[in-house]
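Derivation of every value follows stated rules applied to the coordinates shown; laboratory data play no part. Note that this is a predicted model, so its numbers are computed, not measured. Heads up, the Cβs are rebuilt from the backbone with ideal geometry, glycines too, and the neighbour counts pull from every protein chain shown.
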There are 2 protein chains.
Amino acid sequence: MAPGDTVEKILHAASVLFAERGFAETSLRTITGMADVNLAAVNYHFGSKKELIQAVFSRVLQPFCKHLNSELDAVLEKSGEQGVSIEQIIECCSSALLKSTEDSGMSVQRVTRLLGLAYTQSQEHLRQYIVGAYGETYERFAGMVQKAAPGLSMVEFYWRLYFMLGAAVFTLSSFDSLRAILNSDYGHDTELEQVMQLMTPSLASILNVAKE
Amino acid sequence: MAPGDTVEKILHAASVLFAERGFAETSLRTITGMADVNLAAVNYHFGSKKELIQAVFSRVLQPFCKHLNSELDAVLEKSGEQGVSIEQIIECCSSALLKSTEDSGMSVQRVTRLLGLAYTQSQEHLRQYIVGAYGETYERFAGMVQKAAPGLSMVEFYWRLYFMLGAAVFTLSSFDSLRAILNSDYGHDTELEQVMQLMTPSLASILNVAKE
DNA sequence: TGTACATCAGTGAACGCGCGTTCACTGATGTAC
DNA sequence: TGTACATCAGTGAACGCGCGTTCACTGATGTAC
């Protein structure tokens, strides 16, 4: 077996299981069982369960941030004077998300579920790690969104940004179950790409709607 | 000590701790320690940890649904022919949420965190219990929202409703940490009621924005 | 080319610990006769 | 009024179990001389 293969198998199984059940509900025995590697291999390669969690996030966030940055570069270059619209920024996020899932072989649902977990499961070590490693890209993104919505106060902008993030993360991370409900109740199937397209104008309107 | 007091102390401690850390991360020993009751009292009064989780949700959802129903009644009666607007429905939810937290002595953040957990922590027994006990109120709410946004296809309505729920649940349940970040980065404090007011037009715009 | 040693990925079994749950028990209160 | 019994809230200690982690060990590969 090629070296590094064990590491990759552990990371894959951990991503799948963490996204499905959360961190505390997923034991190392379940992970190593699914990955078909020895239990002790996790601590051998990663040191601890905490560090495994961080490694899983690295594998997801690094390609995403890379793609997001180059998408933002492209859009900045293309639209010179008239500035970048919020719709364009959202589409940067969408395609960065899709491209990064191609890279890692993970689904969009899984990636956004992991992102949601980072918010909702209060793992302080994880929050610190993510802010430290990927805070810069986030700041850049937030700055561009703010430029696209002039005239909003700091407070109003900030909260509207979180409304947008909440809508996106919540919907995408629960996509499978929401799709299943819609399918069984109304017999209508929806593709992920379709929902991401539906989402763009809705997210944009959150930011652009007139002030209260 | 008055009878029923132990039950109430357990429910209170469990609500606080579940909302803070999730279900798996909260042990019965932590709960009974905080509530200052005997460890075995949980299984004596509730039967199991699962049933305790359900009881916590009952204590939260029952008053919320009660208030939401009467708010919806009031608004239906008031606005006869011209129909009920989406803003009115959102405000029904807001005040039902505020009133129900007064009842139970729990914060809005805690209630929405619990609601978010019900979605994100895949506790199948809990999802079934909630749908069985409170699905009717949800159907009524969803039906009224749909009437307030005529012209949308089933698919488009359905997904926009989830964008709205996501934005609301995500923001309110993370309110404390978002508020803290805004405070430390820009020195500006925001009250919960203020955010709920900011949220109304943004949520309404998700539903009302023109079709793609 | 041969030998001795170092490095490294991986293993199997065990460690102590905290978990949810169980059970025999206590002591107070209510009820029947 | 007195006594026997039933009910009920609560308790203390222990149960077995699955958890993350540790450790001595193996066997393959690389390196120095």
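Here are the numbers:
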| quantity | calculated |
| --- | --- |
| Inter-label distance for A:E77 and B:M34, nm, one decimal - labels placed 7 Å from Cα along Cα-to-Cβ | 5.3 |
| Centroid-to-centroid separation of segment B:51-106 and segment B:141-169 [C-alpha atoms, Å] | 17 |
| Cα gyration tensor, segment B:125-208 - rounded (a/c under 1.5), prolate or oblate | oblate |
| Cα gyration tensor of segment B:1-116 - equivalent ellipsoid semi-axes, whole Å, descending | 35, 14, 10 |
| Which of A:T171, A:S205, A:L182, positive extreme of dipole for segment A:131-212 (C-beta unit charges) | A:S205 |
| Lys, Arg +1 and Asp, Glu -1 on Cβ, resulting dipole of segment A:82-209 about Cα centre, debye, nearest 20 | 300 |
| Nitroxide proxy distance, nm - points 7 Å out along Cα→Cβ at B:A24 and A:E124 | 2.2 |
| Compactness relative to 2.2 N^0.38 Å, alpha carbon Rg of the protein assembly as shown | 1.02 |
| Unsatisfied cross-links (Cα-Cα over 32 Å) in the set A:K49/A:K99; A:K66/A:K147; A:K147/B:K147 | A:K147/B:K147 |
| Size of electric dipole in the protein assembly as shown: Cβ of Lys, Arg +1 and of Asp, Glu -1, about Cα centre, debye, nearest 20 | 860 |
| Relative contact order, percent, segment A:130-212 [alpha-carbon distance under 8 Å, six or more residues apart] | 36 |
| Cα-based Rg of chain A normalised by 2.2 N^0.38 Å, two decimals | 1.12 |
| Per-peptide average of other Cβ atoms within 10 Å, ordering B:204-210, B:129-135 highest first | B:204-210, B:129-135 |
| Relative contact order (%) - criterion: Cα under 8 Å, at least six apart; region: chain B | 21 |
